[in-house]
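The values are calculated or read from the model by the stated rules, or taken from the named source; none is laboratory data. The shown structure was predicted, so the numbers you read here are calculated from the model rather than taken from an experiment. Neighbour counts run over all protein chains shown; Cβ positions are idealised from the backbone, glycine included. Accessible surface is based on the protein model in full, side chains and every heavy atom, while ligands, DNA and RNA are left aside. Shrake-Rupley method; radii C 1.70, N 1.55, O 1.52, S 1.80 Å.
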Amino acid sequence: MMKNRKIVVVVLLIVFLFLGFYFFFGTKKITAIHFETARSHYGFIAKSITASGTIQPLDTVSVGAQVSGVVKTLFVDFNSAVKAGQLLATIDSSIIKAQTEVARSNLLTAVSNFNYQKSNYERQFELFSLEAISKEDFQVAENQYAIAKASVSNTEAQLKISIRNLSYTRIYSPINGIVLNKNVSEGQTIASNFNAPTLFVIAKDLSKMQVRAAVDEADIGAVQSGQRVRFTVDAFPDIPFGGSVDKILLHPSINANVVTYKTLINVDNSSMKLKPGMTANIYIYTEQYSHILLVPSKALNYKPDSLALSQFKISKKQSENPIISKKEREKYKIELGNNSVLKEIRASYRMASVWLKKGDSLIEKRILIGINDDSNVSVIAGLKPEQAVLISAFSALNTNSNTKESASPFMPKMQRRTSGSSRN
């Protein structure tokens, strides 16, 4: 019995020794590193600022009344299409007609008195020439004649005013357009003693609209006339509308210590979907390129870790200032020195580094970058199209036998990933 137990103990000891030898001496840890890469390519990239604003007709006219009275008749309503010279409304003209008749009567009286004073003046002049009357009597006749003449001019002017006021009782459209607003009703009394009340607001052409955007003072420096604009409205959230910056008004608007500048944006409204007063959510593209070399933004953040440094050769940095070709200079208008090395860089351009893999070497590449939209970054110089840049790396830790490549059944596989989703 004791002998059997010794045999079992010896066998177990041999097994444990074998397993220990296998795990500690019979395996080798191999760490494989894999890279996620992306190729440089040509595409569209833009830098934009956001703002909000309201949509208004490009040209509107407020039609008012220059005389007081009761609105007698209205010939148009909201959204009515009108032509230039079309009658819109009439104001009760009975009082003004009476005033016109009074002015005509006053003119007849003034003309009659003028004719009498003229005859009297001519007669007094002849008598004064013959020294038949005194100079004082002649001057009285002369003065009466001048007063009569001035009275005629005054009554003529009063008659013209009355006739003109009579014409103002008929309100006509000054332009072709659409009635946006109607502020009066039939039977309403309007008073124009101090200011002309607005009866109608007419939009000249609703196929051409204008967005009045409030741009923050921190962004206004990048906005210029002619820049492309894209915006949406709540009525059509899935439909983008386009336009261009027309001008920036210099008068600031201050609300709760926030300074904004009104920016006028011209918009084509041929579809007639945009309505006056709609709120627009605006993107102004301050800089954009439709065909420029791009790489993913996260390629700028990749740096080789200690594992990569242990398995790959690291190439030294290239020139701090990459050479920019003549074609690139003409395209991006970069000012260069006499030796074609970048001397002055636009404020939006800066130096950066990306990494390339070539065989068993990792090469750091210095590049000049421009716009970064957090997804892609534009490459001004330093890279060629279709070059693969490293984005991220991950390592796979495998335990393999000395005699075969399959992993030991006693050791699980481990993976350590730094970033990225695709493999190379």
With r defined as the distance between the Cβ atoms of residue 249 and residue 32 and R0 fixed at 60 Å, what FRET efficiency is calculated, to the nearest 0.05? 0.45
With a point put 7 Å past each Cα toward its Cβ, work out how far residue 220 is from residue 84 in nm, to one decimal. 3.6 nm
Give, as ranges by residue number, the residues of region 350-382 whose backbone N falls under 14 Å from the point 7 Å along Cα→Cβ of residue 301. 373-377
Quick calc, residue 193 & residue 156: beta-carbon distance into FRET formula, R0 25 Å, rounding 0.05, result 0.55
Given an 8 Å cut-off on Cα distances and at least 6 residues of separation, report the relative contact order of region 122-281 as a percent. 18 percent
Can you pull out the trypsin sites (Lys or Arg not before Pro) in region 255-310 that DSSP calls coil and that have at most 10 other Cβ atoms within 10 Å? none
Can you send over the solvent-accessible area of residue 72, 1.4 Å probe, protein chains only, in Å² to the nearest 10? 130 Å²
For residue 358 and residue 170 in one chain, what is 0.36 nm times their gap in residues minus the Cα-Cα distance, to one decimal in nm? 59.1 nm
Per the 1/(1 + (r/R0)^6) rule, R0 = 56 Å and r from the Cβ atoms of residue 204 and residue 146, FRET efficiency to 0.05 is 0.65
Stretch gain in nm, segment residue 375-residue 12, where the contour uses 0.36 nm per residue and the Cα spacing is subtracted: 124.6 nm
Would you please give the residues with an amide H less than 5 Å from that of residue 205, counting only those at least 5 places away or on a separate chain, with H modeled from the backbone geometry? 58, 59
Grab the Cα-Cα distance for residue 44 and residue 94, subtract it from 0.36 nm times how many residues apart they are, and report the gain in nm with one decimal. 11.0 nm
